[in-house]
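We did not get these values from a lab; they are worked out from the coordinates using the rules stated. All values reported here derive from a predicted model rather than from experimental measurement. Cβ placement follows ideal geometry from the backbone for every residue including glycine, while neighbour counts extend to all protein chains displayed.
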Amino acid sequence: MPKIHFEKASLAYKDAIFSWLDNSHVKEFWDNSPEHREDILNFMKGRTEPSPYYDGMFDYWIGFIERDPYCLLMTSEVFDEPDLPPLWKKYLSQTGKTISIDFTIGNEAYVGKGLAASTLEAFTTFFQEKVDPQADTFVIDPSQNNPRAKHVYEKAGFQPVGEFFRRGEWFYLMVKDKREEEK
C-alpha cells in the first residue's frame, strides 16, 4: 500500500488542481464553474475575501502518494439548518461534528488504480486525528448516475442510508460513523 498523506490545498498546487477540474472524468461529477474555481483560489489565499460560492463553506485538501499530488477533497461541517434535507438531519452526529466530503482522483495517472477506498479511509482518519478530533461522522453523497462511486465508498466504510433529490438529480446519502469503528 502506498503512503498517502494530505495537506490543505495551497497555491503551490493551483495549476494541478485546475488542470484536474478540466479532465473529463472530473467534469462529469464535479462543478467546473468559474465560481467554484474562484472559491478554491480564495481558500488557497487564506479566505481573505468573502466567497459567493456557498458562502465559502468549503475547505479543500490535496491527497499525495509519496510526494505526488493525485486527488482533491472538499469538506464542510454539516449543521442542522432549515434547508437541510430530513434524511441528512437524521444522521447528524449527536456527540461531535458531522463533516461532508466530496472527492475526486484528478491526476489521470492514478485513475482506475484502486486507490479511492483507501484514500477515503486514510482521509477520515487524518481529519479526525489532525484537523478536528470532534469530527466523528462523515457523509458523502454520490449521484445515482455514479454507481461506481457508491461501491467504492462502501468499501471505504460509508453505509448507504437513503436517497434524496437535489438540483434535479437523485443522490445517495452515505454515512461513516467513526465511533462505530472504535468499538
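Considering only Ile4, Ala16, Val131, the residue lying farthest towards the positive end of the dipole of the chain is Ile4, judged by Cα position with unit charges set on Cβ.
Remark: the Val111-Asp15 segment gains 32.7 nm on full extension, using 0.36 nm per residue and subtracting the alpha carbon distance.
What you get for the stretch 90-141, charging only the Cβ of Lys and Arg (+1) and of Asp and Glu (-1), is a dipole of about 60 debye around the Cα centre.
Using only alpha carbon pairs under 8 Å that are at least six residues apart, calculate the relative contact order of the stretch 4-182 and give it in whole percent.
Details: 265 pairs, mean separation 32.5, N = 179.
Averaging sequence separation for qualifying contacts and normalising by length gives 18 percent for the stretch 4-182.
Length gained on full extension, Arg67 to Gln144: 24.4 nm, using 0.36 nm per residue less the C-alpha separation. When the chain is described by a simple charge dipole with +1 on each Lys and Arg Cβ and -1 on each Asp and Glu Cβ, the residue from Gly46, Gln159, Gly56 located farthest towards its positive end is Gln159. A Cβ-based charge dipole, computed about the Cα centre of the chain with Lys and Arg at +1 and Asp and Glu at -1, lands at about 380 debye. In terms of its C-alpha gyration tensor, the stretch 9-48 has an oblate overall shape, because the principal axis ratio a/c (a ≥ b ≥ c, square roots of the eigenvalues) is not below 1.5 and a/b does not outweigh b/c.
For the stretch 121-145, the residues whose backbone nitrogen is under 15 Å from a point 7 Å from the Cα of Leu87, taken along Cα to Cβ, are 139-145.
Counting Lys and Arg as +1 and Asp and Glu as -1, each charge on the Cβ, what is the dipole of the stretch 1-92 about the Cα centre in debye, to the nearest 20? Write out the running numbers ahead of the final one.
Numbers: 10 positive and 17 negative charges, 65 e Å.
Taking the Cα centre of the stretch 1-92 as origin, the dipole is about 300 debye.
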